[in-house]
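Quick notes on the structure that follows.
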Amino acid sequence: MLKNIAILGSTGSIGKSTLEVIALNEKILKVFCISANKNFTLLANQINIFKPKYAYIEHKIHTESLKKLIEHDKTIILDSEDNLLEILSSDELNIVVSSMSGSSGLKSTYHALASKKIVLLANKESMVMAGKLMSKFINNIIPIDSEHNSIFQVIQGSTHHIEKISLTASGGPFRNYPYNEFSKITKEMALKHPNWVMGEKITIDSATMMNKCLEIIEAHYLFELPKEKIDVIIHPESIIHSLVEYSDGSTLCQLSEPDMKIPISYALGYPERLTSGRAPINLTSIGKLTFQKPDYKKFPSLRYAYQTLEYIENQETLAIMLNAANEIAVDLFLQNRINFLDIYKIIESSFEKTENLPMDNINDIFNVDFLYRKKLNEYIKKSVLID
Ligand code: MN3
């Protein structure tokens with residue numbers, strides 16, 4: 001059966017890899033709809049090559065320029081977010097790849113789930129913000145975050161007898177960097193990830209290890225495991241993408257090159273396996289794999305995840321605050337307006353600013369997110385972190 005696919009965030013790193021995998025498997029995968037934030041030249045190229053039925057650019061200022069670059073009439077350019085959401089519930093559509101960066105991905109991801117679509121989830125922020133609501137649709141979510149995808153591959157739908165999962169982490173560019181130099185870390189230094197090529201937001205998250213913090217929360221919801229059963233292990237080579245430990249002493253895992261096309265192709269083909277364009281790893285040429293315990297003093301981010309999960313049952317808005325604080329801090333760091341350690345300072349300050357507010361539907365989540373961002377911005381201005 002031909003699968004019709006929508007890619008939200010097609011010009012980002014995950015979106016581009018998804019299109020590469022689709023091109024290798026044209027007989028079974030078809031691009032139905034693509035959307036991008038503002039990169040209209042790349043979006044136009046993608047439209048010219050893949051001829052999707054629909055396309056959408058979020059920054060409407062670029063809609064006309066986009067239309068001028070399209071060389072055929074097979075694609076309808078949608079002119080509003082509402083139209084995009086309508087297409088996401090179309091009967092013709094099978095799979096939605098949620099690959100936008102940050103909290104902006106939540107609305108369309110949630111809409112796709114509520115429309116009973118299979119969602120391939122790369123946008124971990126939406127799971128962090130709305131984990132409880134999204135859990136209702138857990139059987140329709142296939143993770144493409146490499147760690148969670150590897151666990152998904154291993155457990156085959158059952159968390160029976162799991163003692164613990166260990167999310168592997170490369171440790172980012174500052175794994176061996178002296179802690180007393182952390183305040184001097186620049187944006188350029190932080191944007192150089194040793195193993196993965198990714199967008200700016202997630203690359204900074206990897207440098208602060210906030211990425212792993214968000215992934216712990218993501219894993220909690222995806223696999224319905226308590227925080228005691230979720231661990232992190234540093235594995236600088238990024239070959240093993242996570243470990244699942246069972247009560248009988250067995251540990252299972254999935255190994256591959258650090259290339260997102262592998263988890264993406266697994267998720268697109270599930271339950272079959274497709275061509276990803278990558279060959280299996282060659283262990284004799286890799287030689288050795290190494291592991292370390294994470295350094296909680298250098299990277300307090302991991303602690304934030306456990307702190308959040310400890311109280312989340314009674315204080316559901318905690319994870320929204322954590323995510324908002326991180327997004328605001330990363331944004332300021334990318335603008336060179338705060339230093340690296342200020343990112344942690346902003347996040348740490350955020351914990352005490354949460355309230356116990358009702359979170360019964362998706363709009364409640366947007367309202368809380370809006371309120372918390374306002375609070376955070378006021379705090380940041382007041383505490384002279386920025387001028
Ligand atoms: Mn990951």
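The values are calculated or read from the model by the stated rules, or taken from the named source; none is laboratory data. No experiment lies behind these values; they were computed from the predicted model shown. A quick note on method: Cβ atoms are made from the backbone with ideal geometry, for glycine too, and the neighbour counts reach across all protein chains shown. Side chains are part of the model used for accessible areas, which takes the heavy atoms of the whole protein and leaves out ligands, DNA and RNA. Shrake-Rupley method; radii C 1.70, N 1.55, O 1.52, S 1.80 Å.
Quick look at the numbers
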| item | result |
| --- | --- |
| Modelled FRET efficiency - R0 51 Å, Leu2 with Ser65, Cβ distances, 0.05 increments | 0.95 |
| Distribution of pairwise C-alpha distances over the range 91-139, 5 Å bins, in % | 5, 24, 37, 24, 8, 2 |
| Average Cα contact separation per residue, the range 302-387, under 8 Å, 6 or more apart, as relative contact order % | 34 |
| Helix-only CD estimate at 222 nm, as mean residue ellipticity for the chain, using -39500 (n - 2.57) per DSSP H run (n ≥ 4) | -13000 deg cm²/dmol |
| Solvent-accessible area of Cys33 with every protein chain in place, 1.4 Å probe, in Å² to the nearest 10 | 0 |
| Tail fraction, Cα-Cα pairs, the range 3-143, threshold 22 Å, whole percent | 31 |
| Unsatisfied cross-links (Cα-Cα over 24 Å) in the set Lys16/Lys124; Lys132/Lys229; Lys30/Lys261 | none |
| Loop-located trypsin sites (Lys or Arg not before Pro) in the range 5-67 whose Cβ has at most 16 other Cβ within 10 Å (DSSP) | Lys27, Lys38 |
| Cα-based Kirkwood hydrodynamic radius, the chain, one decimal, Å | 21.5 |
| Centroid-to-centroid separation of the range 76-119 and the range 310-328 [C-alpha atoms, Å] | 24 |
| Value of Rg/Rh across the range 268-346 [Cα atoms, Kirkwood radius] | 1.16 |
| Radius, Kirkwood style, for the range 339-387 when every pair of distinct Cα atoms is counted (Å) | 12.0 |
| Sparse-neighbourhood loop sites, chymotrypsin sites (Phe, Trp or Tyr not before Pro) in the range 9-89 - DSSP loop, at most 12 other Cβ within 10 angstrom | none |
| Burial ranking of peptide ranges 78-88, 325-335 (average Cβ count within 10 Å, highest at the top) | 325-335, 78-88 |
| Eligible aspartates and glutamates near Lys116 by straight Cα distance, threshold 14 Å, same-chain separation 8 or greater | Glu86, Asp91, Glu92 |
| For Ile76, distant residues with modelled amide H under 5 Å away | Tyr54, Ala55 |
| Entries of Lys117/Lys353; Lys60/Lys184; Lys67/Lys107 with Cα pairs more than 31 Å apart | Lys117/Lys353; Lys60/Lys184 |
| Furthest towards positive pole of dipole, Ile343, Ile70, Ala112, structure part the chain, Cβ charges | Ile70 |
| Heavy-atom accessible area ranking, 1.4 Å probe, most first, across Phe370, Phe174 | Phe370, Phe174 |
| Dipole magnitude of the chain about its Cα centre (Cβ charges: Lys, Arg +1; Asp, Glu -1), debye to nearest 20 | 700 |
| Selected from Ile239, Ile151, Ile162 as most flexible by GNM, with the chain as the system and alpha-carbon contacts under 10 Å | Ile162 |
| Relative contact order (%) - criterion: Cα under 8 Å, at least six apart; region: the range 3-143 | 22 |
| Area of Lys288 that stays accessible when all protein chains are in place (1.4 Å probe, Å², to 10) | 140 |
| Charge-dipole axis of the range 3-143 as Lys and Arg at +1 and Asp and Glu at -1 on Cβ define it, positive-most pick from Asn45, Leu133, Ser13 | Leu133 |
